[in-house]
1. Considering the alpha-carbon set of the chain alone, what are its Rg and its Dmax in angstrom?
2. What nm distance separates the two modelled labels at residue 155 and residue 75, each placed 7 Å from Cα along Cα→Cβ?
3. Give me the distance in nm between label points sitting 7 Å out from Cα along the Cα-to-Cβ direction at residue 16 and residue 3, one decimal.
4. List the relative contact order of segment 5-219 as a percent without decimals, with contacts defined as Cα pairs under 8 Å and 6+ residues apart.
5. When a footprinting reagent is the concern and you count Cβ atoms within 10 Å, what order do 34, 75 take, fewest first?
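Bear in mind these aren't lab numbers, they're just calculated from the coordinates by the rules spelled out. As the structure is a computational prediction, the values presented were derived from the model and not from experiment. Neighbour counts are summed over all protein chains in view; Cβ atoms, including those assigned to glycine, are modelled from backbone coordinates with ideal geometry.
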Ligand code: DX5
Ligand code: ZN
């Protein structure tokens, strides 16, 4: 069985109690904290930045996975690295120089990755596979939590899984959007190993019950 990771998205957490929320979700079994950064330009919503990343950093020992939905990308990368991010992903359409941005993230000591929207073609992978630590497939259009999973994403996950396997490299394959207890196993069967879930976890009173149920589905 692959090394599956559950990555709760704090987009659906209670921002008035964020420190407590991240501590609770890690105690409930989260492997990674997924941190959604939206700029009201690349996506039509506005969320949180490096200051909030820095504020939650002392509360958790697990990696913080910063999903940048911002344009431009580069100038914010060092700020997130300094704020304690471990993984930084960005959308290739939002960067003028994708290779440079990937290198910048790595030079700042973080794992680097590309994010693919439902309609973004995979050709962006063509010349940068050796600079990727993670590939994130969006199963909703980015901008909001609580949307429905787009089933077409499963084919894309499978195509990326094949490319990762062919590369022989250890690249995480993350899926983000509409992941729930009911569909997490479908995403795993397609080849994902890291599962972002916002509303499915933070929308329920007991985070451990949800995370345990997700792991049970992954073990079947
Ligand atoms: C959407 C974000 C997701 C979102 C997932 O733009 O990137 O991380 O928070 O939320 P759910 O799991 O509710 O779809
Ligand atoms: Zn996200």
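1. Values for the chain (Cα only, Rg and Dmax): 15.9, 45 Å.
2. Between residue 155 and residue 75, the simple spin-label model gives 4.0 nm.
3. Each label point lies 7 Å from its Cα, and together they span 4.0 nm.
4. Details: 430 pairs, mean separation 43.0, N = 215.
Once normalised by length, the contact order is 20 percent.
5. Numbers: 34 26, 75 9.
So the residues, fewest neighbours to most, are 75, 34.
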